[in-house]
């Protein structure tokens, strides 16, 4: 399994505008809504924010991996964002987040959900991958870098 299997060009946004956790989650969920991947945007935001109450998905080192399981999706949906400003995500290390990989998976797919989470964490924990990634300026550069690393 590869993260690039779940990411398409229209699911990547460079230059996220939001600077707070909730607002950036809304911004990323908007991408899913605009591409017709989801129908109930407000419910998806609610589910993701409820997951955040259990513990932040800001894993540190400038990375957040917000995720949730929901019956609203049939397959794993992923959105990738890069913030040039930094997002206050209540990260474990207290630092701003610049790379956000958000995904949703079906309620009954715990195994797949954990595999995607583990793969994303492994990929984004590598500082030699992460640091240049956050400096990229085009979707094509992001896709190429992720595919090359996998």
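Please treat every number below as a calculation from the coordinates, not as lab data. Please read these numbers as outputs of a predicted model, since none were measured by experiment. Using ideal geometry, Cβ is built from the backbone for each residue, glycine included, and neighbour counts are taken over all protein chains shown.
Things worth noting here:
- Residues of region 1-19 that turn out to be under 22 Å from residue 112 (Cα atoms) and part of a loop (DSSP other than H, G, I, E, B), as a count: 5
- Scanning region 24-38 for residues that are over 13 Å from the mean Cα position of the chain (by Cα) and either touching a residue at least 12 places away in the same chain (Cβ under 8 Å) or buried (at least 20 other Cβ atoms within 10 Å of the Cβ) (or both) yields 35, 37, 38.
- Of the strands (runs of 3 or more DSSP E) lying entirely inside region 58-135, those containing at least 3 residues that are buried (at least 17 other Cβ atoms within 10 Å of the Cβ) and in contact with a helix residue (DSSP H, G or I) (Cβ under 7 Å, 6 or more places away or on another chain) span 67-70, 77-87, 97-106.
- All conditions but one from (1) free of Cβ contacts under 8 Å to residues at least 60 places away in the same chain; (2) within 24 Å of residue 10 (Cβ to Cβ) apply to residue 55; the one that does not is (2).
- Counting the residues of region 136-149 that are out of contact with any strand residue (DSSP E or B) (no Cβ under 6 Å at 6 or more places or on another chain) and in a helix (DSSP H, G or I) gives 9.
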